[in-house]
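To keep things clear, I will list the structure first and then write my remarks on it.
What follows draws every value from the coordinates through simple rules; no lab data is involved. Since the structure is predicted, the reported quantities are computational estimates derived from the model, not experimental observations. Cβ placement follows ideal geometry from the backbone for every residue including glycine, while neighbour counts extend to all protein chains displayed.
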Amino acid sequence: MQTRTLGRQGLTTSAIGYGSMGISLAYGPGDEKEGIAAIQKAHDLGVTFFDTAELYGWGENEEIVGRAVKSFRDEAVIATKFGFTRDGGFDSRPEHIREVVDNSLRYLGMDHIDVLYQHRVDPDVPIEDVAGTVKELIDAGKVKYFGLSEAGPETLRRAHAVQPVSVLQTEYSLFEREVEVLFPVLDELGIGFVPYSPLGRGFLTGTAKPADQYDETDMRSWDARWQPGNFEKNVAATHQLTELAASKDATVAQLALAWLLAQGDHIVPIPGTRSAKRVEENIGAADISLTEADLARISEILPEGGFGSRYPAGMSPNWQ
Ligand SMILES: NC(=O)c1ccc[n+]([C@@H]2O[C@H](COP(=O)([O-])OP(=O)(O)OC[C@H]3O[C@@H](n4cnc5c(N)ncnc54)[C@H](OP(=O)(O)O)[C@@H]3O)[C@@H](O)[C@H]2O)c1
């Protein structure tokens, strides 16, 4: 697997990473054993970048990731995140960040975190205070690199002035393009980019079912892209993408990931799956190159992304 560099502080990862959220959250019940096997398969195939968060089970997911990577920890780049509260609010007060980091280190069973992200911008805490706290943690050796998630240009600039930001993580896929407006700022500041939900929460794998066929603990039961009206249009677009992928002996999931890799060398998607077999399929995307004609066809199929907003109004991040 090729490697990519994120930011200007020395962070290097495999071109495709692994997102562990689904093992504990969002897509119906997960299975720890299966999740560990998926993570270890990813490692066997050259993945070095593993993404978790305090939010994904309040320690449970970090414990799973920690156990899964134990035998190859030194080769792995482990990213985790702070900043949510259990009732869905935000808390990035410095004392809270320090406490969460100590908990994360304990759950992961590690002496340092490679990438520490603020999961969401906290409107009540100046970003300078957040960046300053992460800087202290870097100086103390508990953290190596600083990341932000769902932050806008002003926040990126202000944070970067205190502690250089190596990476921004935000939703980005063939279905979700809004973040492209931030690419010039990322370019100017030399910040890497990690697309989350790069498979459109699984829609871009050709396996989407109507919303009412998902478990109630699966967010796709209420996600707008799965609702009648949007669902059919998203299915039609995915069918066309699947045909294009087949003409390249690829799957639609591989095409979706290869498209992300083709958007810039500073981009490292982190597809999530609980299945070792699907890990293998997704990583295969690193070997697929898209021609100008392929990219043009993709733009014809989905000129502006998928149908249906990615979050309900109250949950939509507010970029500043
Ligand atoms: N910063 C943030 O706020 C934020 C938000 C969301 C996610 N994330 C991170 O980004 C990672 C990835 O995003 P995501 O998990 O939301 O979405 P995703 O990677 O776009 O899609 C995950 C879904 O697709 C399915 N899937 C994956 N590969 C597949 C394949 N080849 N064939 C069929 N189905 C496949 C998975 O099901 P199975 O597990 O059953 O295979 C899962 O339901 C997360 O794990 C998390 O680490 C961050």
Counted neighbours (other Cβ, 10 Å), sorted fewest up, put TYR56, TYR107, TYR18, TYR311 in the order TYR311, TYR107, TYR56, TYR18
Projected label distance in nm at ARG106 and SER316, using a 7 Å step from Cα toward the beta-carbon: 3.9 nm
Report the percentage of all Cα-Cα pairs in segment 37-129 whose separation exceeds 18 Å, rounded to a whole percent. 43 percent
What list of ³J(HN,Hα) values in whole Hz, one per residue of segment 35-48 in order, does the Karplus curve 6.51 cos²θ - 1.76 cosθ + 1.60 (θ = phi - 60°) give from phi, with Gly and Pro shown as x? x, 5, 5, 5, 4, 5, 5, 4, 4, 4, 9, x, 6, 10
Which ordering of THR273, THR80, THR207 is given by a fewest-first count of other beta-carbon atoms within 10 Å? THR207, THR273, THR80
Could you pull out the trypsin sites (Lys or Arg not before Pro) across segment 7-60 that fall in loop regions by DSSP (anything but H, G, I, E, B) with no more than 16 other Cβ atoms inside 10 Å? ARG8
Lys and Arg at +1, Asp and Glu at -1: neighbours of ILE298 with Cβ under 15 Å from its Cβ sum to -4
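Note the full-extension length gain between VAL181 and THR85 as 0.36 nm times their separation in residues minus their Cα-Cα distance, in nm to one decimal.
In short, 31.7 nm is gained.
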What's the percent breakdown of Cα-Cα distances in segment 164-320 across 5 Å bins, shortest bin first? 2, 9, 18, 22, 21, 16, 9, 3, 1
Excluding SER247 itself, what net charge comes from residues whose Cβ is under 11 Å from its Cβ, given Lys and Arg +1 and Asp and Glu -1? -1
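Express the relative contact order of the chain as a whole percentage, based on alpha carbon pairs under 8 Å and six or more residues apart in sequence.
On the way: 630 pairs, mean separation 70.3, N = 320.
So the answer I get is 22 percent.
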Ordered by fewest other Cβ atoms within 10 Å, a rough proxy for footprinting exposure, TYR27, TYR145 read TYR27, TYR145
Note to self: C-alpha centroids of segment 114-130 and segment 197-268 sit apart, in Å, by 30 Å
Theoretical gain in end-to-end length, ALA161 to ALA140 [0.36 nm per residue, Cα-Cα removed]: 5.6 nm
Kirkwood hydrodynamic radius of segment 19-173, from inverse mean 1/r over distinct Cα pairs, in Å: 15.7 Å
Taking only the alpha-carbon atoms of the chain, what semi-axes of the equivalent ellipsoid follow from 5 times the gyration tensor eigenvalues under a square root, in whole Å, largest first? 29, 21, 20
Please compute the net charge surrounding GLY59, taking Lys and Arg as +1 and Asp and Glu as -1 over other residues with Cβ under 15 Å from its Cβ. -3
With everything on Cα atoms, drop me the angle between helix 153-162 and the longest principal axis of the chain, reported from 0 to 90° to the nearest 10. 30 degrees
